[in-house]
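*Asks:* Sharing a structure here in structure tokens format.
The values are calculated or read from the model by the stated rules, or taken from the named source; none is laboratory data. Quantities reported herein were computed from a predicted structural model and do not represent experimental measurements. Positions of Cβ are backbone-derived with ideal geometry, glycine not excepted, and every protein chain shown enters the neighbour counts.
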Amino acid sequence: MPLVIFDIDGTLTQTTNADANCFVRSLAEVCGFREVDTDWSGYKHATDSGVFHEIHQDRTGRPPSAFEISRFRQHFVGLLAQMSYEAPFTAVRGASLLLSRLAGKAEHRVALATGAWRDSARLKMACAGLCYDHYPAASSDDALDRDSIIRRSIERAAERYGRPDSTVYVGDGVWDARACRSVGIPFIGIGAGSQATRLSAAGAVSVFPDFSDADMFLSSVHEIAAWPNQGAPVNQAGAPWLQFERSASRIAELGSLGRKAEKESRGKVDNVPMDSEREAETISFLPRLSASRFRGCGYSGAKPNTHSSGRGPAGISTRK
Ligand SMILES: [Mg+2]
């Protein structure tokens, strides 16, 4: 059966900007690092641990100590908790229903692989009504680089579910596409407008604006699972990817499937033709969820920081 691995920020939860703002604020408030480049795609590893290590190395000439990492991380998660109380995080459209649907069937298995630190990921999912601890998962606690994080997630999923017939990763960043290429698994993008174009150019087999059309999304997963050589051990990466690259016609076909899904889901949601302005707002009108959604979702930890109520710098558009 297919294993579907999800990224979290920007894929399952609408936390991209909040996460970036809290990260940048923490760099300034804890470390005194200001004027940070927030184009995370330019960093060697677009993960919490990877970005922090790289910035710390650049600014101080040495990697952060365990204490410095812990202090930064604690402050960062505290800011996220504070922000979540002010404006609760929400799930990407259709994500909650899709995960519930996947959990109710034996046709798929689900795992998580996130560039966020585990406590950050758990908080964001819990606030959005999703449960991090329900799934085999790997995070920035496991490695600096996303390739290793994805591999660790696959290992943990295999320990729980057994070896999958096929594996696909779902994410919203160009770094997700790069990591999938390195690991040797297909990549489905989540994004709209120009971001969808970037994801497609980076190698996404298909791109969806969100999960509002679960049937179409799962059709894409099944199409990919039917490709030859899917399910090969990921430590033999290269062979599956070579096979993947030979399937250019299938990539084009599935790309069309994704674009068709985008148009159809847009029509269902908005009942108006898709245009560029509204396309950029695909997931902007989700209902706010109350903080009570924390209950029962595995998050019981961080209290919000209380020393400031600012929302951090503006203009940050991308995040791990
Ligand atoms: Mg992401």
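*Asks:* Within the range 80-125, which residues are assigned to a loop (DSSP other than H, G, I, E, B) and either touching a His at 6+ places or on another chain (Cβ under 9 Å) or within 25 Å of residue 159 (Cα to Cα) (or both)? Steps first, please.
*Replies:* Taking the range 80-125 first, the residues assigned to a loop (DSSP other than H, G, I, E, B) are 87-90, 92-94, 104-108, 114-117.
Result: 104, 105, 106, 107, 108, 114, 115, 116, 117.
*Asks:* Consider residue 55 carefully, then state whether it is of a type in the set (Val, Ile, Thr), under 21 Å from the mean Cα position of the chain (by Cα) and either away from the ligand (no atom under 16 Å from the Cβ) or part of a strand (DSSP E or B) (or both). Can you show your working first?
*Replies:* Values: of a type in the set (Val, Ile, Thr): yes; under 21 Å from the mean Cα position of the chain (by Cα): no; either away from the ligand (no atom under 16 Å from the Cβ) or part of a strand (DSSP E or B) (or both): yes.
Judged against the criteria, residue 55 is not a match.
*Asks:* Does residue 33 satisfy the condition of being over 24 Å from the mean Cα position of the chain (by Cα), surrounded by fewer than 19 Cβ atoms within 10 Å (Cβ to Cβ) and outside any helix (DSSP H, G or I)? Even if it seems obvious, please write down each step before you answer.
*Replies:* On the way: over 24 Å from the mean Cα position of the chain (by Cα): yes; surrounded by fewer than 19 Cβ atoms within 10 Å (Cβ to Cβ): yes; outside any helix (DSSP H, G or I): yes.
So residue 33 fits the description; yes.
*Asks:* On the given criteria, is residue 148 in contact (Cβ under 8 Å) with a residue 60 or more places away in the chain and not charged (D, E, K, R)?
*Replies:* On the way: in contact (Cβ under 8 Å) with a residue 60 or more places away in the chain: no; not charged (D, E, K, R): yes.
No, not satisfied.
*Asks:* Suppose we filter the range 106-122 for residues that are closer than 13 Å to residue 136 by Cα and surrounded by fewer than 24 Cβ atoms within 10 Å (Cβ to Cβ); how many remain?
*Replies:* Residues that pass the stated criteria total 3.
*Asks:* Mind counting the residues in the range 1-19 that are buried (at least 22 other Cβ atoms within 10 Å of the Cβ) and in a helix (DSSP H, G or I)?
*Replies:* So the count comes out to 2.
*Asks:* Scanning the range 13-25 for residues that are farther than 30 Å from residue 165 by Cβ and among the β-branched types (Val, Ile, Thr), which turns out farthest from the ligand (Cβ to nearest atom)? I'd like the intermediate steps shown before the answer.
*Replies:* Step one: list which residues in the range 13-25 are farther than 30 Å from residue 165 by Cβ, which gives 14-25.
Right, trim to among the β-branched types (Val, Ile, Thr) and you get 15-16, 24.
On the way: 15: 9, 16: 7, 24: 16 Å.
Residue satisfying both the conditions and the ranking: 24.
*Asks:* Being more than 15 Å from the ligand (Cβ to nearest atom) and within 20 Å of residue 142 (Cβ to Cβ) narrows it down to one of 74, 82, so name that one.
*Replies:* Details: 82 fails: within 20 Å of residue 142 (Cβ to Cβ).
It is 74.
*Asks:* With the requirement that a residue be more than 9 Å from the ligand (Cβ to nearest atom) and of a type outside the set (A, V, I, L, M, F, W, C), what does the range 1-12 give you?
*Replies:* Of everything in the range 1-12, just one residue is more than 9 Å from the ligand (Cβ to nearest atom) and of a type outside the set (A, V, I, L, M, F, W, C), namely 2.
*Asks:* Got a sec? Which strands (runs of 3 or more DSSP E) wholly within the range 126-228 have at least 2 residues that are under 14 Å from the mean Cα position of the chain (by Cα) and aromatic (Phe, Trp, Tyr)?
*Replies:* Fully inside the range 126-228 and qualifying: nothing.
*Asks:* Still on this structure, please answer the following. Looking for something free of Cβ contacts under 8 Å to residues at least 24 places away in the same chain, within 21 Å of residue 132 (Cβ to Cβ) and not assigned by TED's automatic domain parsing to the domain that holds residue 152 - is there at least one such residue anywhere in the range 25-42? Before you say what the answer is, go through the steps one by one.
*Replies:* Let us first name the residues in the range 25-42 that are free of Cβ contacts under 8 Å to residues at least 24 places away in the same chain, namely 28, 32, 34-37, 42.
Still in the running and within 21 Å of residue 132 (Cβ to Cβ): none.
Checking the range 25-42: not a single residue is free of Cβ contacts under 8 Å to residues at least 24 places away in the same chain, within 21 Å of residue 132 (Cβ to Cβ) and not assigned by TED's automatic domain parsing to the domain that holds residue 152.
*Asks:* Go through the range 154-181 and count every residue that is crowded, with 18+ Cβ neighbours inside 10 Å and within 14 Å of the ligand (Cβ to nearest atom).
*Replies:* The number of residues fulfilling the criteria is 11.
*Asks:* What do you reckon, is residue 76 assigned to a loop (DSSP other than H, G, I, E, B), surrounded by 15 or more Cβ atoms within 10 Å (Cβ to Cβ) and in contact (Cβ under 8 Å) with a residue 40 or more places away in the chain?
*Replies:* Details: assigned to a loop (DSSP other than H, G, I, E, B): no; surrounded by 15 or more Cβ atoms within 10 Å (Cβ to Cβ): yes; in contact (Cβ under 8 Å) with a residue 40 or more places away in the chain: yes.
The answer is no for residue 76.
*Asks:* Out of 46, 28, I need the residue that is within 15 Å of the ligand (Cβ to nearest atom) and either assigned to a loop (DSSP other than H, G, I, E, B) or more than 22 Å from the chain's Cα centre (by Cα) (or both). Which one?
*Replies:* Working: 28 fails: within 15 Å of the ligand (Cβ to nearest atom).
That would be 46, the only listed residue that is within 15 Å of the ligand (Cβ to nearest atom) and either assigned to a loop (DSSP other than H, G, I, E, B) or more than 22 Å from the chain's Cα centre (by Cα) (or both).
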